[in-house]
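J.: Handing you a structure now.
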Amino acid sequence: MEQIGHWIDGKRVAGTSGRTADVMNPATGEVQAQVALASKAEMDAAVASAAKAQVAWGATNPQRRARVMMEMVRLINRDMDKLAEAISREHGKTFPDAKGDVQRGLEVIEFCIGAPHLLKGEFTDSAGPGIDMYSMRQPLGVVAGITPFNFPAMIPLWKLGPALAAGNAMILKPSERDPSCPMMIGELLTEAGLPDGVFQVINGDKEAVDAILDSETIQAVGFVGSTPIAQYIYSRATANGKRAQCFGGAKNHMIIMPDADLDQAADALVGAGFGAAGERCMAISVAVPVGEETADRLIERLVPRIEALKVGPYTAGTDVDFGPVVTKAAKENILRLVESGVAQGAELVVDGRDFNLQGYEDGFFVGPHLFDRVTPDMDIYKTEIFGPVLSTVRAASYEEAIGLAMDHEYGNGTAIFTRDGDAARDFANRINIGMVGINVPIPVPLAYHTFGGWKKSGFGDLNQHGPDAFRFYTRTKTITSRWPSGIKEGGEFNFKAMD
Ligand code: NAD
């Protein structure tokens with residue numbers, strides 16, 4: 001059985017805690033590897049080594065650090081298929097979708113090549129007689145990333161790109177469900193020229209996370225995962241004086257106005273609701289058609305599309321729309337919520353409860369489900385299901401529809417489908433949600449904008465990637481300098497390269 005340890009000081013090392021977790025193949029239900037779960041002592045040692053390595057890395061000029069990112073872009077492109085295969089094998093998502101996971105992370109690494117520009121400070125010449133004032137953005141030191149199972153390439157890359165380009169060392173604690181891709185990223189960073197110790201992958205569970213939160217060396221924690229854990233990490237990290245940004249769960253609504261192109265809306269809903277088996281924080285899980293007629297016409301279009309979805313293992317390549325969910329427990333939780341929806345009076349229009357895939361009976365496959373006439377008091381509306389289940393809530397008016405999205409505790413993403421610019425504009429202005437799509441179902445911002453939810457989907461002040469990431473991973477120092485007199489030396493006429 002494959003044993004996955006940690007990536008420390010530029011090499012794979014075995015865990016020493018004696019504790020491990022099973023890494024499953026969700027398509028077959030088999031254990032395919034065991035991952036080490038770090039003890040507090042292992043974490044503390046890795047942090048101490050990262051702190052030593054950070055000193056020289058932080059003093060390396062930003063252009064040289066950016067060159068490591070440049071080389072990473074080449075290496076990730078070179079190994080795209082290998083990385084995607086590792087993701088599909090442990091996560092279960094389809095191979096094309098796994099490549100998308102790598103691609104969206106890669107785009108942030110591309111953005112980080114421009115780090116020297118973002119790290120520039122400000123300068124005021126002659127703020128007083130002989131006085132100049134300037135600010136510099138300096139790295140924080142050692143920072144940590146704690147990441148979820150559903151994007152094992154993208155989210156680690158979103159964190160490590162800006163953190164390392166800004167001169168920090170990073171401890172990554174990825175999800176214990178799919179640790180292979182983060183370990184491969186560690187190897188690629190070393191191949192790209194990152195000095196040993198500047199990036200460490202420490203696998204583990206709560207013990208490793210708590211060691212990060214209580215570490216006196218770690219200065220900042222970037223977390224992505226479920227809301228209860230995001231809230232826990234935010235409180236404990238900030239109570240210990242750390243900077244924290246913690247992104248949580250979601251319940252993303254898509255509003256369909258009576259004037260929308262309903263075929264386009266139905267296609268969008270099927271992709272955004274069922275892609276990656278609904279295991280995306282930006283998945284649309286609630287459709288809100290406005291008006292009974294819109295709702296009837298939408299359901300009519302959704303049913304055949306959902307019934308035609310192909311569910312299967314990633315090894316089927318492009319012949320499959322979505323794969324299994326990540327664990328047996330996740331599957332049971334989804335099916336329990338579906339039962340609660342039926343018991344609480346929602347109409348199960350597409351029933352995937354009996355879904356069974358021949359030859360993969362022990363895999364964690366869940367068939368697609370569509371609910372109609374869901375109401376806000378039901379558990380399937382209040383809870384993040386994180387599975388292939390789309391709920392329809394019928395709204396009588398635009399005001400009722402926007403009110404539903406605004407009153408929900410989550411505020412990650414949302415979308416409106418309409419042909420009316422006035423409605424779209426009003427929606428974008430008033431909605432209390434971080435990322436908004438207008439006729440775009442999954443409005444994930446590109447690398448040079450920032451990504452972050454509102455309400456219970458995000459805790460902390462700054463978003464992920466884009467310019468915010470460089471603010472998060474640096475602190476500002478402002479210098480006031482006065483040179484009342486001095487010996488003016490002769491000029492230097494050679495055009496010198498930076499050392
Ligand atoms: P999770 O909260 O179970 O785990 C996330 C990380 O926290 C993992 O590294 C895990 O090891 C660690 N962890 C789990 N339990 C812990 C505990 N009790 N104490 C300390 N650490 C703990 O989340 P997940 O199931 O891996 O990911 C799915 C969730 O992530 C969904 O809720 C999804 O919406 C959310 N998500 C959010 C975003 C976003 O940007 N808002 C992006 C992707 C995923």
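The values are calculated or read from the model by the stated rules, or taken from the named source; none is laboratory data. As the structure is a computational prediction, the values presented were derived from the model and not from experiment. As a convention, Cβ positions derive from the backbone with ideal geometry for all residues, glycine included, and neighbour counts pool all protein chains shown.
J.: I'm trying to understand the selection: among the residues of the stretch 195-215, which are part of a loop (DSSP other than H, G, I, E, B) and surrounded by fewer than 24 Cβ atoms within 10 Å (Cβ to Cβ)? If you could, list the steps in order and put the result at the bottom.
T.: Looking only at the stretch 195-215, we keep the residues that are part of a loop (DSSP other than H, G, I, E, B), and these are 195-198, 202-205, 215.
Within the stretch 195-215, Pro195, Asp196, Gly197, Asp205, Ser215 qualify.
J.: Give the residues of the stretch 248-275 that are within 23 Å of Gly225 (Cα to Cα) and crowded, with 24+ Cβ neighbours inside 10 Å, sorted by residue number. Steps first, please.
T.: So the first thing to find is which residues in the stretch 248-275 are within 23 Å of Gly225 (Cα to Cα), and the list is 248-254, 271-275.
If the condition is that a residue be within 23 Å of Gly225 (Cα to Cα) and crowded, with 24+ Cβ neighbours inside 10 Å, then Gly248, Ala250, Lys251, Asn252, His253, Met254, Ala272, Gly273, Phe274 are the ones that fit.
J.: What do you reckon, is Ser88 outside the structural domain of Lys328 (by TED's automatic domain parsing) and surrounded by fewer than 16 Cβ atoms within 10 Å (Cβ to Cβ)? Steps first, please.
T.: On the way: outside the structural domain of Lys328 (by TED's automatic domain parsing): yes; surrounded by fewer than 16 Cβ atoms within 10 Å (Cβ to Cβ): no.
Taking the combined requirement at face value, the residue does not satisfy it.
J.: Taking His91 and the conditions (1) under 16 Å from Pro162 (Cβ atoms); (2) touching a residue at least 40 places away in the same chain (Cβ under 8 Å), which numbered condition does it fall short on, given that it satisfies the others?
T.: Unmet for His91, out of (1) under 16 Å from Pro162 (Cβ atoms); (2) touching a residue at least 40 places away in the same chain (Cβ under 8 Å): (1).
J.: Follow-up question, since we're still on this one. Please determine whether any residue of the stretch 237-249 is near the ligand (Cβ under 10 Å from one of its atoms) and among the basic types (Lys, Arg).
T.: No, because not a single residue in the stretch 237-249 is near the ligand (Cβ under 10 Å from one of its atoms) and among the basic types (Lys, Arg).
J.: From the residues in the stretch 297-331 that are modelled with pLDDT of 95 or more and of a type in the set (Asp, Glu), which one is nearest to the ligand (Cβ to nearest atom)?
T.: Taking the candidates together, the pick is Asp321.
J.: From the list Gly121, Gly145, exactly one residue is of a type outside the set (A, V, I, L, M) and within 16 Å of the ligand (Cβ to nearest atom). Which is it?
T.: Working: Gly121 fails: within 16 Å of the ligand (Cβ to nearest atom).
That would be Gly145, the only listed residue that is of a type outside the set (A, V, I, L, M) and within 16 Å of the ligand (Cβ to nearest atom).
J.: Under 6 Å between Cβ atoms, at least 6 apart or on separate chains: pull out the pairs that start in the stretch 247-265 with a residue that is within 18 Å of Phe417 (Cβ to Cβ) and end on any residue that is assigned to a loop (DSSP other than H, G, I, E, B) and of a type in the set (Gly, Ala, Ser).
T.: Listed by first residue and then by second, the contacts come to Pro258/Gly291.
J.: Sticking with this one: What's the number of the only condition in (1) in contact with a Cys (Cβ under 8 Å, 6 or more places away or on another chain); (2) more than 8 Å from the ligand (Cβ to nearest atom) that Phe199 fails to meet?
T.: Every listed condition holds for Phe199 apart from (1).
J.: Also, quick follow-up: Restricted to the stretch 152-172, and to residues that are in contact (Cβ under 8 Å) with a residue 60 or more places away in the chain and outside any helix (DSSP H, G or I), which residue is nearest to Glu90 (Cα to Cα)?
T.: It comes out as Pro152.
J.: Among the residues of the stretch 11-47, write down those that are in a loop (DSSP other than H, G, I, E, B) and under 22 Å from Val198 (Cα atoms).
T.: Quick first cut of the stretch 11-47, residues in a loop (DSSP other than H, G, I, E, B) only: 14-19, 26-29, 37-39.
Listed by number, the residues that qualify are Ala14, Gly15, Thr16, Leu37, Ala38, Ser39.
J.: Can you name every residue in the stretch 279-296 that is more than 16 Å from the ligand (Cβ to nearest atom) and crowded, with 24+ Cβ neighbours inside 10 Å?
T.: Residues of the stretch 279-296 that are more than 16 Å from the ligand (Cβ to nearest atom), as a first pass: 287-296.
Matches in the stretch 279-296: Ala287, Val288, Pro289, Val290.
J.: Of all residues in the stretch 164-188, which are crowded, with 24+ Cβ neighbours inside 10 Å and either aliphatic (A, V, I, L, M) or away from the ligand (no atom under 16 Å from the Cβ) (or both)?
T.: If the condition is that a residue be crowded, with 24+ Cβ neighbours inside 10 Å and either aliphatic (A, V, I, L, M) or away from the ligand (no atom under 16 Å from the Cβ) (or both), then Leu164, Ala165, Ala166, Gly167, Asn168, Ala169, Met170, Ile171, Leu172, Ile185 are the ones that fit.
J.: Looking only at the stretch 113-135, count how many residues are outside any strand (DSSP E or B) and in contact with a strand residue (DSSP E or B) (Cβ under 7 Å, 6 or more places away or on another chain).
T.: First, pick out the residues of the stretch 113-135 that are outside any strand (DSSP E or B): 113-122, 129-130.
Narrowing further to those that are in contact with a strand residue (DSSP E or B) (Cβ under 7 Å, 6 or more places away or on another chain): 119, 121-122, 130.
Here the count works out to 4.
J.: I would also like to ask the following. From the residues in the stretch 216-231 that are within 14 Å of the ligand (Cβ to nearest atom) and buried (at least 18 other Cβ atoms within 10 Å of the Cβ), which one is nearest to the chain's Cα centre (by Cα)? Can you show your working first?
T.: Taking the stretch 216-231 first, the residues within 14 Å of the ligand (Cβ to nearest atom) are 221-231.
Still in the list and also buried (at least 18 other Cβ atoms within 10 Å of the Cβ): 221-225, 227, 229-230.
On the way: Val221: 14, Gly222: 10, Phe223: 9, Val224: 6, Gly225: 8, Thr227: 13, Ile229: 14, Ala230: 13 Å.
The qualifying residue nearest to the chain's Cα centre (by Cα) is Val224.
J.: What number of residues in the stretch 69-85 are in a helix (DSSP H, G or I) and surrounded by fewer than 22 Cβ atoms within 10 Å (Cβ to Cβ)?
T.: Restricting attention to the stretch 69-85, the residues satisfying the condition of being in a helix (DSSP H, G or I) are 69-78, 80-85.
Those still in the list that are surrounded by fewer than 22 Cβ atoms within 10 Å (Cβ to Cβ) too: 70-71, 73-75, 77-78, 80-82, 85.
Final tally of qualifying residues: 11.
J.: Now for a separate question. Go through the stretch 409-436 and give me each residue that's within 16 Å of the ligand (Cβ to nearest atom), surrounded by fewer than 22 Cβ atoms within 10 Å (Cβ to Cβ) and in contact (Cβ under 8 Å) with a residue 24 or more places away in the chain.
T.: Glu409, Asn432
J.: Look through Gln358, Gln344 and report the one residue that is of a type in the set (S, T, N, Q), more than 29 Å from the chain's Cα centre (by Cα) and surrounded by 14 or more Cβ atoms within 10 Å (Cβ to Cβ). Show your work before the answer.
T.: Details: Gln358 fails: surrounded by 14 or more Cβ atoms within 10 Å (Cβ to Cβ).
Step by step, each of Gln358, Gln344 is checked, and only Gln344 is of a type in the set (S, T, N, Q), more than 29 Å from the chain's Cα centre (by Cα) and surrounded by 14 or more Cβ atoms within 10 Å (Cβ to Cβ).
J.: Which one of Ala447, Ala405, Ala401 is touching a residue at least 40 places away in the same chain (Cβ under 8 Å), outside the structural domain of Gly161 (by TED's automatic domain parsing), crowded, with 19+ Cβ neighbours inside 10 Å and in a loop (DSSP other than H, G, I, E, B)?
T.: Details: Ala405 fails: in a loop (DSSP other than H, G, I, E, B); Ala401 fails: in a loop (DSSP other than H, G, I, E, B).
After applying the criteria, what remains is Ala447.
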